[in-house]
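Student: My structure is below; once you've seen it, I'll send some questions.
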Amino acid sequence: MLKACAIRNVKYSDLWETPDTLWNSVLPKLYTKPIRIWEPFVGVTNRSTKIFKELGHDVIETTDDFFTLTWPETADVLISNPPFSRKFEVLEKLIQLQESKTHPFMILLPSWVFASATVRTMVKKYKIDLQIVVPSMRVHYYHPETHQQVRKTAFDSVFVGYGLPVKHALTYL
Ligand SMILES: C[S@@+](CC[C@H](N)C(=O)[O-])C[C@H]1O[C@@H](n2cnc3c(N)ncnc32)[C@H](O)[C@@H]1O
């Protein structure tokens, strides 16, 4: 784990995984039929992939550097918790991946991010209508080494998305 982390120069704080409770609470409200999810930030234990599959979805896992990848042809939506230290680059790359066809995505980020100067500038530059999906719970992440949930997260997280099956730009679940 640390080797892979060192190769990619990933920060330790980027390795915390998402609790199943979040995916279980959010995904059935958005996707009632099976979809094919692209998970490009698989994590140490593939926790998100396992739960996506348990919820009945297909998963395309990629393990190469996300920033070198193109949109997998058969993916319906990218769903992930990306490395927070690279959140702005991830969001910009996802916006740039939008071409003639919409490539929907939802990425879990600290709630302040969507209102930040960087994202405000990005939205104006690309003229993109982002969506915000607010989970009904605070997300407490899993420690990358003990694999235990640490219920001490000091911030709230939301999904920043595009092309999602929600009626409004801001959706409280
Ligand atoms: C916050 S963890 C989330 C794991 C999983 N998606 C989840 O929700 O539990 C982010 C993961 O992305 C990986 N990662 C960091 N930079 C990456 C990159 N450029 N390309 C692909 N994966 C990367 C990290 O190694 C880490 O395992």
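Student: Has the range 86-107 got any residue that is under 24 Å from Asp20 (Cα atoms) and either at pLDDT below 95 or surrounded by fewer than 16 Cβ atoms within 10 Å (Cβ to Cβ) (or both)?
Tutor: No: zero hits.
Student: Going through the range 73-85 one residue at a time, which ones are away from the ligand (no atom under 14 Å from the Cβ) and more than 23 Å from Lys33 (Cα to Cα)?
Tutor: none
Student: List the residue pairs whose Cβ atoms are under 6 Å apart, where the first residue sits in the range 20-41 and is closer than 22 Å to Thr62 by Cβ and outside any helix (DSSP H, G or I), the second is within 14 Å of the ligand (Cβ to nearest atom) and aromatic (Phe, Trp, Tyr), and the two are 6 or more positions apart or on different chains.
Tutor: Ile37/Phe52; Pro40/Phe66
Student: Within the range 152-167, take every residue that is surrounded by 13 or more Cβ atoms within 10 Å (Cβ to Cβ) and more than 27 Å from Lys101 (Cβ to Cβ) and give me the one that is farthest from the chain's Cα centre (by Cα).
Tutor: Only one residue fits best here, namely Thr153.
Student: From the list Gln131, Gln149, pick out the single residue that is surrounded by 14 or more Cβ atoms within 10 Å (Cβ to Cβ), within 24 Å of Asp76 (Cα to Cα), among the polar types (S, T, N, Q) and touching a His at 6+ places or on another chain (Cβ under 9 Å).
Tutor: Within the list Gln131, Gln149, the selection yields Gln131.
Student: Next up: Output the number of residues of the range 26-61 satisfying the condition of being out of contact with any strand residue (DSSP E or B) (no Cβ under 7 Å at 6 or more places or on another chain), surrounded by 15 or more Cβ atoms within 10 Å (Cβ to Cβ) and hydroxyl-bearing (Ser, Thr, Tyr).
Tutor: Final tally of qualifying residues: 1.
Student: Another question, if that's okay. Can you tell me how many residues within the range 55-72 are more than 10 Å from the ligand (Cβ to nearest atom) and either of a type in the set (Gly, Ala, Ser) or touching a residue at least 24 places away in the same chain (Cβ under 8 Å) (or both)?
Tutor: Within the range 55-72, residues that are more than 10 Å from the ligand (Cβ to nearest atom) and either of a type in the set (Gly, Ala, Ser) or touching a residue at least 24 places away in the same chain (Cβ under 8 Å) (or both) number 8.
Student: Here is a check on your reading of the model: is Asp76 farther than 21 Å from Tyr162 by Cβ and surrounded by 15 or more Cβ atoms within 10 Å (Cβ to Cβ)?
Tutor: For Asp76, the condition - farther than 21 Å from Tyr162 by Cβ and surrounded by 15 or more Cβ atoms within 10 Å (Cβ to Cβ) - is not met.
Student: Go over the candidates Tyr126, Tyr141 one by one and state the one that is surrounded by 11 or more Cβ atoms within 10 Å (Cβ to Cβ), under 17 Å from Pro82 (Cα atoms) and at pLDDT 95 or above. Give the derivation first.
Tutor: Details: Tyr126 fails: under 17 Å from Pro82 (Cα atoms).
Being surrounded by 11 or more Cβ atoms within 10 Å (Cβ to Cβ), under 17 Å from Pro82 (Cα atoms) and at pLDDT 95 or above holds for just one of Tyr126, Tyr141, which is Tyr141.
Student: If you check Ala117 against the conditions, is it of a type outside the set (Lys, Arg), over 22 Å from Tyr12 (Cβ atoms) and free of Cβ contacts under 8 Å to residues at least 24 places away in the same chain?
Tutor: yes
Student: If you don't mind, another one. Filter the range 40-67 down to residues that are within 20 Å of Trp16 (Cβ to Cβ) and basic (Lys, Arg) and give me whichever is farthest from the chain's Cα centre (by Cα).
Tutor: Lys50
Student: Taking the criterion of being under 22 Å from Val44 (Cα atoms), hydroxyl-bearing (Ser, Thr, Tyr) and in contact (Cβ under 8 Å) with a residue 12 or more places away in the chain, would at least one residue in the range 134-147 satisfy it?
Tutor: Yes, some residue in the range 134-147 is under 22 Å from Val44 (Cα atoms), hydroxyl-bearing (Ser, Thr, Tyr) and in contact (Cβ under 8 Å) with a residue 12 or more places away in the chain.
Student: Any idea which residue in the range 19-53 is nearest to Glu73 (Cα to Cα), counting only those that are among the β-branched types (Val, Ile, Thr) and within 14 Å of the ligand (Cβ to nearest atom)? Don't jump to the end; show me each part of the working.
Tutor: Keep residues of the range 19-53 that are among the β-branched types (Val, Ile, Thr), which gives 21, 26, 32, 35, 37, 42, 44-45, 49, 51.
Applying the additional criterion that residues be within 14 Å of the ligand (Cβ to nearest atom) yields 21, 26, 37, 42, 44-45, 49, 51.
Numbers: Thr21: 29, Val26: 25, Ile37: 11, Val42: 19, Val44: 25, Thr45: 25, Thr49: 18, Ile51: 22 Å.
Top of the filtered list is Ile37.
The values are calculated or read from the model by the stated rules, or taken from the named source; none is laboratory data. Only a predicted model underlies this, so the values are computations on that prediction, with no experimental measurement involved. When we count neighbours, we look across all protein chains shown, and the Cβ atoms used for this are built from the backbone with ideal geometry, even at glycine.
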